[in-house]
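Visitor: The structure's right below; bear with me while I get my questions together.
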Amino acid sequence: MEDRTVILYASVDGQTLKICNKLRDVFKQNKQTVSLFSINNFNDAVTNYDKLIIGASIRYGVHNKKVIDFINTNKKELDTIKTAFFSVNLVARKAEKSTPVTNPYVIKFFKSIDWTPNIVEVFAGKLDYKKYPFFDRIMIQFIMWMTKGPTNTSTEIEYTNWDKVTAFGEQLKNM
Ligand SMILES: Cc1cc2nc3c(=O)[nH]c(=O)nc-3n(C[C@H](O)[C@H](O)[C@H](O)COP(=O)(O)O)c2cc1C
């Protein structure tokens, strides 16, 4: 029987969701169906699935609290199925911080949570100043200045490496 797969996401400006849609396409090309839910709308039992993938973006150093709560609440069930996690952040645009073992947010996340998914990945997100409200724009500008990134507020750059996303999708399919 075909694996039942679900992807859960926490996305504010849509980049994590865009990555999830790409992952879903990889599954679809192989005629496998995947359900996709925002972490806010998922009320199903984890054990109704064979594979569960969670994607979450970083805002001010942390992943969405609902994701953390979900993992803590479902820890026992998650350990009975195949699971994967990926983080989306801007620090990962730097080659030396673009892997699960070198990205500071991923390292910190797994130190703070009692869960070991089968596969972990990290992707660089999107910088789009015009989308950010005043306060966020100033803060991101500051973060970018600190990390030697673009500070011009007309900048719109998608740092996501789509080949890496496709490769991750293939890995998930075969997990
Ligand atoms: C308010 C705000 C705070 C952010 N904080 C961080 C941060 O602390 N570190 C980082 O690497 N990226 C940070 N980012 C960048 C996001 O992780 C990146 O833009 C990502 O693509 C957002 O994904 P989403 O659209 O799915 O939410 C921040 C972005 C915003 C808008």
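The values are calculated or read from the model by the stated rules, or taken from the named source; none is laboratory data. As the structure is a prediction and not an experimental result, all values here were calculated from the model. Every residue, glycine among them, receives a Cβ derived from its backbone with ideal geometry; neighbour counts consider all protein chains shown. SASA here: full protein model, heavy atoms, side chains in, ligands and nucleic acids out. Shrake-Rupley method; radii C 1.70, N 1.55, O 1.52, S 1.80 Å.
Visitor: Can you tell me which residue among I143, I107 is within 15 Å of G61 (Cβ to Cβ) and away from the ligand (no atom under 12 Å from the Cβ)?
Guide: Numbers: I143 fails: away from the ligand (no atom under 12 Å from the Cβ).
Every option except I107 fails the conditions.
Visitor: Take the residues in region 135-175 that are assigned to a helix (DSSP H, G or I), touching a Phe, Trp or Tyr at 6+ places or on another chain (Cβ under 8 Å) and charged (D, E, K, R), then tell me which one is most open to solvent (accessible area, probe 1.4 Å). Let's see the steps before the verdict.
Guide: We begin by selecting, within region 135-175, every residue assigned to a helix (DSSP H, G or I); these are 135-146, 162-173.
Filter again for touching a Phe, Trp or Tyr at 6+ places or on another chain (Cβ under 8 Å), leaving 137, 139-141, 164-165, 168-169, 172-173.
Remaining after also requiring charged (D, E, K, R): 137, 164, 173.
Working: R137: 74, K164: 54, K173: 31 Å².
Filtering region 135-175 for residues that are assigned to a helix (DSSP H, G or I), touching a Phe, Trp or Tyr at 6+ places or on another chain (Cβ under 8 Å) and charged (D, E, K, R), the one most open to solvent (accessible area, probe 1.4 Å) comes out as R137.
Visitor: Suppose the filter is among the aromatic types (F, W, Y) and closer than 17 Å to V122 by Cα; does F86 pass it?
Guide: Values: among the aromatic types (F, W, Y): yes; closer than 17 Å to V122 by Cα: yes.
In short, yes.
Visitor: Something else about it: Within region 106-134, track down each residue that is within 24 Å of E170 (Cβ to Cβ) and surrounded by fewer than 12 Cβ atoms within 10 Å (Cβ to Cβ).
Guide: T116
Visitor: For I19, state whether it is more than 9 Å from the ligand (Cβ to nearest atom), touching a residue at least 24 places away in the same chain (Cβ under 8 Å), within 22 Å of Q171 (Cβ to Cβ) and not hydroxyl-bearing (S, T, Y). Spell out the reasoning first.
Guide: Working: more than 9 Å from the ligand (Cβ to nearest atom): no; touching a residue at least 24 places away in the same chain (Cβ under 8 Å): yes; within 22 Å of Q171 (Cβ to Cβ): yes; not hydroxyl-bearing (S, T, Y): yes.
Spelling it out, it is not the case that I19 is more than 9 Å from the ligand (Cβ to nearest atom), touching a residue at least 24 places away in the same chain (Cβ under 8 Å), within 22 Å of Q171 (Cβ to Cβ) and not hydroxyl-bearing (S, T, Y).
Visitor: Let me ask something additional. Out of all the residues in region 1-13, which are within 15 Å of the ligand (Cβ to nearest atom) and either free of Cβ contacts under 8 Å to residues at least 40 places away in the same chain or open to solvent by 60 Å² or more (accessible area, probe 1.4 Å) (or both)? Give the derivation first.
Guide: Taking region 1-13 first, the residues within 15 Å of the ligand (Cβ to nearest atom) are 7-13.
Within region 1-13, V12, D13 meet the criteria.
Visitor: Hey, another quick one. Of the residues that make up region 137-152, is at least one touching a residue at least 12 places away in the same chain (Cβ under 8 Å), among the hydrophobic types (A, V, I, L, M, F, W, C) and out of contact with any strand residue (DSSP E or B) (no Cβ under 9 Å at 6 or more places or on another chain)?
Guide: Yes, the conditions are met somewhere in region 137-152.
Visitor: Which of the strands (runs of 3 or more DSSP E) contained wholly in region 31-92 include at least 2 residues that are of a type in the set (V, I, T) and either open to solvent by less than 50 Å² (accessible area, probe 1.4 Å) or within 16 Å of the ligand (Cβ to nearest atom) (or both)?
Guide: Values: elements: 34-38, 51-59, 82-89.
Output list reads 51-59, 82-89.
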